[in-house]
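Colleague: Pasting in a structure now, in structure tokens, and then I'll have a few things to ask.
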Amino acid sequence: MPGEQFKGVVAEFLLHHQLYSEDVRTMPSQMRILGRHFGDLPLNQITVLDVERFFRARLAEGIARPTLNRQASALSVFLEWCTARGYRSGPNPALLVKRFREGDGRDRYLTPDEAARLQLAAPAHARPVILAALHTGGRLSEVLGLQWQHVDLLARVVTFARKNTKGKMRRRHLPISEQLHACLRGLPSGSLEDPVFTWRGSAMHDIRSSFETARERAGLGADVTFHTLRHTFGSWYVMNGGGLRVLQKLMGHRSIKTTERYSHLSPEHILASVRFIGPPGGSGRT
């Protein structure tokens, strides 16, 4: 109906999204963030200027530009749904706002020293989550979605269930490192359906606030987000000599092109290219 406020239809939208989407964990978090900025606005009165104000406010909070692109996309999906339901009319302002450039694909990753500082600075309930992300490359939704039925400490394998993976990706099996194995063994476990990572006895749904506090205490910049832990896993894997094809499976990339962003970190990557230098026929090669 005309004049409906943003916050008035969010619950209905999330029910719709949960019914049809394969990725049901990210959107509620995005809508909570968007609701803090747009909640009291009538849907028909949200403009490009409002979206740009949202961008400026989030940048002032230290939020990375690629993250803002994801939030603008979530806003766009929501507003398109509102238009289809008759809650608003006119063009979608989220589609009219220019997105931020996201760099050349060489994503930020942590050095071992930075990772150690981050874990030490994190509150106790967040440390196992951070370690699991560093040692599995799991996204936040994947790591927090782990149940004990997904963890085989005897076989040393952890499984990211399909319902928690991004889009329509299949479930993934990853080996459990020695450090992660020791960490998981120290956590309280219950039934197979119980969550692996808990806070005050309940499942955790988000740790980004704790993560941002730990990041500041560790002296790391705003360019370090929870997703940086996933890039760190991929970067360390290649730097340790791991192959891209296996990494593709471990990280759940649909295309090897996505995995190839890490190829420049391989210790053999630059040296191996020496055979292509010099005139054809080998006369100038070493």
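Colleague: Just add up the charged neighbours of Arg156: K/R +1, D/E -1, any other residue whose Cβ is under 13 Å from the Cβ of Arg156.
Modeller: On the way: positive: Arg185; negative: Asp152, Glu178.
Residues near Arg156 contribute -1 overall.
Colleague: I'd like to know how region 1-159 sits against the 2.2 N^0.38 Å rule of thumb: what's its Cα Rg over that expected value? Provide the component values of the computation, followed by the final result.
Modeller: Values: Rg = 19.0 Å, N = 159, 2.2 N^0.38 = 15.1 Å.
Relative to the rule-of-thumb radius for its length, region 1-159 sits at 1.26.
Colleague: So which residue, out of Val77, Val196, Val143, gets the largest mean-square fluctuation from a GNM of the chain using Cα contacts under 10 Å as springs?
Modeller: Val77
Colleague: Between beta-carbons, use under 13 Å as the cut-off and find the net charge around Ala122, counting Lys and Arg +1, Asp and Glu -1. It would help to have the intermediate numbers written out before the result.
Modeller: On the way: positive: Arg117, Arg127, Arg208, Arg215, Arg217; negative: Glu114, Glu212, Glu216.
Here the charged neighbours net out to +2.
Colleague: Now, a different point. Dipole of region 112-269, Cα-centred, from +1 at each Lys and Arg C-beta and -1 at each Asp and Glu C-beta, to the nearest 20 debye? Walk me through the numbers before you get to the answer.
Modeller: Working: 22 positive and 13 negative charges, 134 e Å.
Here the size comes out at about 640 debye.
Colleague: Now a separate question. Of the residues Leu140, Leu19, Leu220, which exhibits the maximal mean-square fluctuation in a Gaussian network model of the chain defined by a 10 Å Cα contact cut-off?
Modeller: Leu19
Colleague: Okay, next question. With the cut-off at 24 Å, report for region 6-96 the share of all Cα pairs above it, as a whole percent. Present the calculation step by step, with values, prior to reporting the outcome.
Modeller: Working: 590 of 4095 pairs.
Taking all Cα-Cα pairs of region 6-96, the fraction more than 24 Å apart is 14 percent.
Colleague: Still on this structure: Nothing charged except the Cβ atoms of Lys and Arg (+1) and of Asp and Glu (-1): what's the magnitude of the dipole of region 6-96 about its Cα centre? Round to the nearest 20 debye.
Modeller: On the way: 11 positive and 8 negative charges, 43 e Å.
In debye, rounded to 20, region 6-96 gives about 200.
Colleague: Pick the calculated Cα extents along the principal axes in Å for this structure from [x] 54, 44, 29; [y] 78, 45, 45; [z] 73, 58, 37?
Modeller: [z]
Colleague: With charges set only on the Cβ (+1 for Lys and Arg, -1 for Asp and Glu), what does the dipole of the chain come to about its Cα centre, in debye to the nearest 20?
Modeller: Numbers: 40 positive and 25 negative charges, 117 e Å.
Charge dipole, the chain, about its Cα centre: 560 debye, nearest 20.
Colleague: OK, next. Which of the helices in the chain meet the span-like rule: DSSP H, Cα axial reach of 24 Å or more, Kyte-Doolittle mean at least -1.0? Walk me through the numbers before you get to the answer.
Modeller: On the way: long enough: 65-84 (29 Å, 0.06).
Helix filter hits for the chain: 65-84.
Colleague: Could you grab the relative contact order for region 129-260? Cα pairs under 8 Å, six or more apart, rounded to a whole percent.
Modeller: The value is 29 percent.
Colleague: Taking Cα pairs under 8 Å and at least six residues apart, what relative contact order does region 1-150 come out at, in percent? All intermediate terms of the calculation are to be shown ahead of the outcome.
Modeller: On the way: 105 pairs, mean separation 35.8, N = 150.
About 24 percent, as a whole number.
Colleague: When only alpha-carbon atoms count, how far does region 112-269 stretch along each of its three principal axes, as whole angstroms with the largest first?
Modeller: 46, 36, 29
Colleague: Find the relative contact order for the chain and round it to a whole percent, using C-alpha pairs within less than 8 Å whose residues are 6+ positions apart. Mind showing how you got there, number by number?
Modeller: Numbers: 349 pairs, mean separation 51.1, N = 286.
RCO, the chain: 18 percent.
Colleague: Next question. In region 31-125, if the dipole is taken from +1 on Lys/Arg beta carbons and -1 on Asp/Glu beta carbons about the Cα centre, which of Met31, Ser76, Ala64 is farthest to the positive end?
Modeller: Ser76
Colleague: Which value in deg cm²/dmol, rounded to the nearest 500, describes the helix-derived mean residue ellipticity at 222 nm for the chain, given -39,500 (n - 2.57) per DSSP H run of n ≥ 4 and division by the residue count?
Modeller: On the way: 14 runs with 134 residues, N = 286.
The helix contribution divided over the chain gives -13500 deg cm²/dmol.
Colleague: HN-Hα J couplings of region 39-46 from phi, Karplus 6.51/-1.76/1.60, θ = phi - 60°, integer Hz, Gly and Pro as x?
Modeller: Couplings: x, 8, 7, x, 4, 6, 9, 6 Hz.
Coordinate-derived values only; no laboratory data. If you're wondering where the values come from, they're calculated on a predicted model, not measured in any experiment. Neighbour counts run over all protein chains shown; Cβ positions are idealised from the backbone, glycine included.
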